[in-house]
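The values are calculated or read from the model by the stated rules, or taken from the named source; none is laboratory data. The structure displayed is predicted, hence computed values, not measured ones. Cβ placement follows ideal geometry from the backbone for every residue including glycine, while neighbour counts extend to all protein chains displayed. Please note that ligands, DNA and RNA were not included when accessible areas were found on the heavy atoms of the full protein model with its side chains. Shrake-Rupley method; radii C 1.70, N 1.55, O 1.52, S 1.80 Å.
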Amino acid sequence: MTVSNTSKRRQPSLAQLRAFSAVAEHLHFRDAAAAIGMSQPALSGAVAALEETLGVTLLERTTRKVLLSPAGERLAVRAKAVLDEVVALLEEAEAVRAPFTGALRLGVIPTVAPYLLPTVLRLAHDRYPDLDLQVHEEQTANLLEGLTTGRLDLLLLAVPLGVPGVVELPLFDEDFVLVTPLGHPLGGRSGIPRDALRELNLLLLDEGHCLRDQALDICREAGRADAPVTTTAAGLSTLVQLVAGGLGVTLLPRTAVRVETTRSDRLLTGYFQEPAPTRRIALAMRTGAARRAEYQELAAALREALRPLPVRVLGADRPVPADN
């Protein structure tokens, strides 16, 4: 390995830079020493040591006053900039040590964002006013890429993920319901058997949405061998409008029902017999995340805040590694 000449040189200490910067500001050793709480002999020694380390004369000393040399005038600006950056570093470290401050980049899947974000944002505003919550809505694959590369800090999405290096903090389980057009024989019914899905014209989201994969899994569990892909949509709002137009039926998570089905009076909601098909929503973080304790506290606060929604809030069990 090649070592540069710069890295071989002796490095000035912060105490030396602080002493020199104080003298450069006050142009008086006694005043400079008092300003930084250092004895005058120690101050003089620190400046002399800095001159020796740098190999330049920084001060012109006379019996009556202290002047900066031409080199001292140039390097005083650099010394002050270094000391300012050190102060900024310490302030940033203090902010990081304080929980729920600074930026938190939260990734959310599209089939969760419209229905849970009002609760999440209200919680952050009321309980964590110093937290800079930044929301990114993306599909699961992009969110996981962002988490593993450090672009995102925390995810809110459907699990399990099965991704090494990611830890899940389960929040709740929610049932799926069947949304049908008016006049459909299953519209508005309760206790619908899962095997009814074998014969339905089921409308799905586009590929890439985890909700599409979950719907297909439910169909397979119901004994349906084919993939019912005739018409797809990019979002749940469009999907529900297709149902209202009589093109088929779809599955919605319970948290989406109130928002999506009230936009049309040509929809009915049916409920499956127990155990109904479900999905689990969780926060996900990197294994060994520096803010792990904060994320666990946030998960606990979210569980309480989400209780009014039509979900089954999960207990504060131990975090689940997604690769287990």
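Mind listing just one residue for me: the one in the stretch 197-224 that is assigned to a helix (DSSP H, G or I) and open to solvent by less than 20 Å² (accessible area, probe 1.4 Å) and, of those, modelled with the highest pLDDT? Before you say what the answer is, go through the steps one by one.
Filtering the stretch 197-224 for residues assigned to a helix (DSSP H, G or I) gives 197-199, 210-221.
With open to solvent by less than 20 Å² (accessible area, probe 1.4 Å) added as a condition, the list becomes 197, 211, 215, 218-219.
On the way: 197: 83, 211: 74, 215: 80, 218: 80, 219: 77.
It comes out as 197.
Do you know which residues across the stretch 243-255 are open to solvent by less than 40 Å² (accessible area, probe 1.4 Å), more than 28 Å from the chain's Cα centre (by Cα) and over 10 Å from residue 177 (Cβ atoms)? Working first, answer last.
Filtering the stretch 243-255 for residues open to solvent by less than 40 Å² (accessible area, probe 1.4 Å) gives 243-244, 248-253, 255.
Among the residues that remain, those that are also more than 28 Å from the chain's Cα centre (by Cα) are: 243-244, 248-251.
Across the stretch 243-255, the qualifying residues are 243, 244, 248, 249.
Checking residue 173 against (1) of a type outside the set (Ser, Thr, Tyr); (2) surrounded by 20 or more Cβ atoms within 10 Å (Cβ to Cβ); (3) outside any helix (DSSP H, G or I): exactly one of these is not met. Which one?
(2)
Just a yes or no: is a residue in the stretch 279-300 modelled with pLDDT of 90 or more, within 19 Å of residue 178 (Cα to Cα), touching a helix residue (DSSP H, G or I) at 6+ places or on another chain (Cβ under 6 Å) and crowded, with 20+ Cβ neighbours inside 10 Å?
yes
Is it true that some residue in the stretch 208-220 is farther than 15 Å from residue 279 by Cβ and touching a Ser or Thr at 6+ places or on another chain (Cβ under 7 Å)?
So far as the stretch 208-220 goes, no, none of its residues is farther than 15 Å from residue 279 by Cβ and touching a Ser or Thr at 6+ places or on another chain (Cβ under 7 Å).
Being touching a residue at least 60 places away in the same chain (Cβ under 8 Å) and part of a helix (DSSP H, G or I): is that true of residue 120 here? Can you show your working first?
On the way: touching a residue at least 60 places away in the same chain (Cβ under 8 Å): yes; part of a helix (DSSP H, G or I): yes.
It is true that residue 120 is touching a residue at least 60 places away in the same chain (Cβ under 8 Å) and part of a helix (DSSP H, G or I).
Let me confirm something: among 111, 53, which residue is part of a loop (DSSP other than H, G, I, E, B), of a type outside the set (Asp, Glu) and surrounded by 11 or more Cβ atoms within 10 Å (Cβ to Cβ)? Please lay out each step first, then the result.
Details: 53 fails: part of a loop (DSSP other than H, G, I, E, B).
The match here is 111.
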